[in-house]
1. So Asp109 fits all but one of (1) in a strand (DSSP E or B); (2) exposed (fewer than 13 other Cβ atoms within 10 Å of the Cβ); what number is the exception?
2. Tell me yes or no: at least one residue of the range 35-44 is in a loop (DSSP other than H, G, I, E, B), modelled with pLDDT under 95 and within 25 Å of Val233 (Cβ to Cβ).
3. Got a sec? Which of Ile171, Ile129 is exposed (fewer than 14 other Cβ atoms within 10 Å of the Cβ), in a strand (DSSP E or B) and out of contact with any Pro (no Cβ under 9 Å at 6 or more places or on another chain)?
4. Of all residues in the range 207-238, which are of a type outside the set (Val, Ile, Thr) and either under 19 Å from Pro170 (Cβ atoms) or touching a Cys at 6+ places or on another chain (Cβ under 8 Å) (or both)?
5. Scan the range 52-76 residue by residue and report those that are aliphatic (A, V, I, L, M), over 16 Å from Thr94 (Cα atoms) and either surrounded by 17 or more Cβ atoms within 10 Å (Cβ to Cβ) or in contact with an Asp or Glu (Cβ under 8 Å, 6 or more places away or on another chain) (or both).
6. Which of the residues belonging to the range 221-244 are more than 14 Å from the chain's Cα centre (by Cα) and either modelled with pLDDT of 95 or more or of a type in the set (D, E, K, R) (or both)?
Amino acid sequence: MSRFKIITGFILGLFLTAMPAMALDLGVRGYYWFPTLSGDISYDGSDISGTEVDLVDDLGLEDESFPMIEVFVGLGSHHLSFTYYTVTYEGSETLDEEFEFGDATFSPDEEVDTQIEYSVMDFAYQWDIIDLENILAGASLGLVGKVKYFDILTTIEEDSVKAEVDLGFPIPMVGVNLHVGILADILEARFQVAGIGYDGNSVIEYFGDVSYTPFPFLDIHAGYRSFTVAIDVDDYKSNFGTAGPYAAVTLSF
């Protein structure tokens with residue numbers, strides 16, 4: 001995981017450098033997400049194709065809720081944000097039939113233990129092309145460009161048989177962000193969708209929430225987020241999704 005920590009440190013360093021010049025809009029947002037997991041994976045070996053297995057039905061992975069952290073800075077119509085989260089999914093299941101994962105063969109009627117640990121960091125830039133924040137309750141529409149970096153460690157074990165694959169890769173994304181003021185600066189809504197597809201890989205992510213501002217500098221959010229990814233990298237194929245409600249708190253300065 002060292003390469004992930006190096007890149008994370010580098011991007012956090014960029015934020016620390018940018019803060020003095022962008023002090024007009026600075027804040028941190030903490031999320032707690034309650035998603036449901038779905039999808040499948042496969043991993044080709046040296047001489048054979050990997051078997052496609054369902055993460056929930058075949059491997060018994062259980063849903064996990066987890067925190068996310070976002071740091072943002074902005075000046076005028078330009079905004080930068082950095083989001084990070086990590087989650088570990090674990091499960092045990094007795095196999096109905098044999099399957100191949102990498103160069104390992106897992107036998108039927110035996111229990112396999114699976115762990116998928118993945119970390120995500122998201123570096124995004126937004127440019128507001130329509131800004132009506134000073135009119136009535138306010139609204140803005142922005143174009144979003146982001147790079148989402150994944151670090152995924154998958155481990156499957158059955159007695160003395162073990163397969164492990166560790167991958168890290170970036171995926172660029174583009175999208176739009178809509179912010180709508182519902183009641184002056186007290187009640188607001190925001191919606192964002194972003195994604196991309198290329199060379200057998202695709203990602204789409206969207207979220208929407210409503211926030212309440214009980215007093216300046218503090219926002220309380222309730223929303224829904226969905227994230228689906230289909231990847232084919234270094235013989236590792238995965239098509240999984242996480243979707244569910246979240247709660248968040250924003251402190252801005």
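The values are calculated or read from the model by the stated rules, or taken from the named source; none is laboratory data. Please read these numbers as outputs of a predicted model, since none were measured by experiment. Note: ideal-geometry Cβ built from the backbone for every residue, glycine included; neighbour counts use all protein chains shown.
1. Result: Asp109 passes all but (1).
2. The answer is yes; a qualifying residue exists.
3. After applying the criteria, what remains is Ile129.
4. Passing the criteria: Phe227, Ala230, Asp232, Asp234, Asp235, Tyr236, Lys237, Ser238.
5. Correct list: Met68, Val71, Val73, Leu75.
6. Of everything in the range 221-244, those that are more than 14 Å from the chain's Cα centre (by Cα) and either modelled with pLDDT of 95 or more or of a type in the set (D, E, K, R) (or both) turn out to be His221, Ala222, Gly223, Asp232, Asp234, Asp235, Lys237.
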